[in-house]
Amino acid sequence: MVAKDRGEWSSAPTLVPRDPGTAAARVHVSEAGLRLGRDTACDVVIPEPTVSRRHAGLRWDGRELVIEDLGSSGGTFVNDVAVRHAVVHPGDVVRLGPRVEFLAQAEEATSALRISSGPSEGSEGGVHQLQTLLEVARALNAATVLSDVVELVLQSAVKMLRADRGCVILFEGGERRTVACHPHGSSETSWAAHSSLFERALAERRAVHAGVERSPSTSMVAHGAALAVAAPLLVARRPLGPPQAASFVANVEVIGGILIARARAGERFGTDDLAVLESLAADAAAAIDGARLYREAREKAKFDHEMAIARTIQAALLRPPQQVPFADVFAFSQPARSVGGDLYQAAARTDGTLGLALGDVSGKGVSAALIMAMVQGLLGLLNELGQPLASVLPALNRSLLEHNPGNRFLTLGAGVLAADGAIELANAGHCPLAVLRGDGTVELLGPRGPILGLLPAAAWGTETVRLAPGESVVFYSDGVSESFSPTDEEFGVEGVRRALGDLAGARAEQMAQRLLDAAAAFRAGREPEDDVTVLVVRYTGPAEAAAAGDAGG
């Protein structure tokens, strides 16, 4: 329990943070009173999430210190008692919200800062500036939101330099942008970013001023500034590279600047003002750079989260192949990015046949994935309605022409397998379909029509192939055939033929894995440059179908 001294204040009150780990700084209460809160417009900024934007006010009349809650969400407390309006005595514990606590005590006349300031009135401003710089540096160290950082920097600069107006300018995407201005709501602020004084500060990489020794620029006079000072925001960056190339030499990058102005010509900026602004600019540059990195990290985390959701949705669209009594089916798809443009489908149709398809939307990433999702849904609907293969491709072509703002196209290999082994095949600009016969030979069936989504009056042919039990058809995307070796040779359709040549009668999964492994070995272990998808259907024959039916009975 803190002992209470209920006597009068011997000197101006000071609120000292009880926990150095919080974002609060020492508060020296002036006669004018102070507002405390998270908002950068407050007199004392406390960048702590549990503190309200405008939390509490302090008033000191030279005899009595009064605290008033300003409608905070976390409450204001004196000695653990919630208050709306209360007198604070020396030794009281003041708490803002659940975490930030201060001990109220009289300002010590023997503190190091007071001693260093000396008794003269003229030096008090320098000490106040030093105290404010320390408090601002601590607040900047805790702030992570870019808008909060620049507002804190600007308000601190205006207050310490007793200025009438000011701007913080940052370089973003090669452009100069005024990100904060004082007073708020100034109608036109672009002049500061292009003033000759600001240009000189950037060129000389130091704080410079104008208005006494140097005449103010025309733009300054036009905007009511008799005196002005500008400082660059500088960040030191060390080059990235291997440890052996590490160096203590850093490149200094200018990320923006601060410009402060006074309307009264009689109150010139002194050497101390320049030093204060340079010190503030150094802390501000580090904080702004850190806030930018924090923002980029948050945006990346959000993007990664959204991509993970998209990947989950796309995986749900690519359902495992539906198994039928007369066929063994296996499929695999791996996007080159988080999401891709490859699709496959193997679904039983209402007439007892098996609908098969493997397609590749042009491009990669999110845009290709959106078109892929549309095509996947259309294919499922057309198969469910039992549309003949000759009608499926024209229907997809019409939909792509109508609902394709990115002018993306689709290559597609499709087929319908019947229980007697007859499979009708169509190829719209896709990789040759591989038919693996029982004697080990591989027949390649090339396109019989153009790609989908470009030509309104296009037509596609189909051909029917009869499969004997144990024979298979392999659909694959160009992520397989267009695998390249380290010497820039292409795997190609001949690579597909070689990989499948000795697998007559093998199960569908075994054939797919062999083809994928052969393409990966050809790339020498490097990641594929495009989406990789394989769909294999092996006809098992009517005997297995009948046996499966008997077993089910």
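The values are calculated or read from the model by the stated rules, or taken from the named source; none is laboratory data. Not measured: the values here are computed from a predicted model. FYI the Cβ positions are ideal-geometry reconstructions off the backbone, even for glycines, and counts take in every protein chain you see. Just so you know, the surface numbers come from the protein's heavy atoms only, side chains and all, with ligands and any DNA or RNA stripped out. Shrake-Rupley method; radii C 1.70, N 1.55, O 1.52, S 1.80 Å.
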Of the conditions (1) touching a Phe, Trp or Tyr at 6+ places or on another chain (Cβ under 9 Å); (2) at pLDDT 90 or above; (3) open to solvent by 40 Å² or more (accessible area, probe 1.4 Å), the single one that ALA426 does not satisfy is (3)
Considering each of GLU471, GLU463 in turn, give the residue that is within 21 Å of LEU356 (Cα to Cα) and touching a Lys or Arg at 6+ places or on another chain (Cβ under 6 Å).
-> GLU471
Output the number of residues of segment 432-443 satisfying the condition of being open to solvent by 20 Å² or more (accessible area, probe 1.4 Å) and touching a helix residue (DSSP H, G or I) at 6+ places or on another chain (Cβ under 6 Å).
-> 1
Looking only at segment 61-84, and only at residues there that are open to solvent by 20 Å² or more (accessible area, probe 1.4 Å), under 20 Å from GLU8 (Cβ atoms) and not charged (D, E, K, R), the one that is modelled with the highest pLDDT = ASN79
Please specify each residue of segment 494-505 satisfying the condition of being crowded, with 17+ Cβ neighbours inside 10 Å and in contact (Cβ under 8 Å) with a residue 24 or more places away in the chain.
-> GLY495, VAL496, LEU500, LEU503, ALA504
Given (1) of a type in the set (A, V, I, L, M); (2) open to solvent by 20 Å² or more (accessible area, probe 1.4 Å); (3) at pLDDT 85 or above, where does ALA207 come up short, assuming only one miss?
-> (2)
Provide a single number: the residues in segment 367-395 that are within 23 Å of ALA336 (Cβ to Cβ) and among the aliphatic types (A, V, I, L, M).
-> 9
Residue in segment 41-50 that is within 42 Å of the chain's Cα centre (by Cα), touching a residue at least 60 places away in the same chain (Cβ under 8 Å) and surrounded by fewer than 16 Cβ atoms within 10 Å (Cβ to Cβ) present | yes
Of the residues that make up segment 360-367, is at least one at pLDDT 90 or above and under 26 Å from VAL416 (Cβ atoms)?
-> yes
Those residues of segment 286-343 that are of a type outside the set (A, V, I, L, M, F, W, C) and within 30 Å of VAL153 (Cβ to Cβ) come to a total of 10
Report whether or not ASP488 is out of contact with any Lys or Arg (no Cβ under 7 Å at 6 or more places or on another chain), at negative phi and either of a type in the set (D, E, K, R) or in contact (Cβ under 8 Å) with a residue 60 or more places away in the chain (or both).
-> no
Could you pull out the residue among ALA419, ALA390, ALA414 that is open to solvent by less than 20 Å² (accessible area, probe 1.4 Å) and either under 23 Å from TYR539 (Cβ atoms) or modelled with pLDDT under 85 (or both)?
-> ALA414
Restricting segment 347-370 to residues that are open to solvent by less than 10 Å² (accessible area, probe 1.4 Å) and either within 18 Å of ASN427 (Cβ to Cβ) or among the aromatic types (Phe, Trp, Tyr) (or both), the one nearest to the chain's Cα centre (by Cα) turns out to be VAL361
With ALA315, ALA301, ALA297, ALA261 as the choices, which residue is open to solvent by less than 70 Å² (accessible area, probe 1.4 Å), in contact (Cβ under 8 Å) with a residue 12 or more places away in the chain and of a type in the set (Gly, Ala, Ser)?
-> ALA261
How about segment 444-481: which of its residues are over 25 Å from ASP530 (Cβ atoms), open to solvent by less than 40 Å² (accessible area, probe 1.4 Å) and either β-branched (Val, Ile, Thr) or in a strand (DSSP E or B) (or both)?
-> VAL465
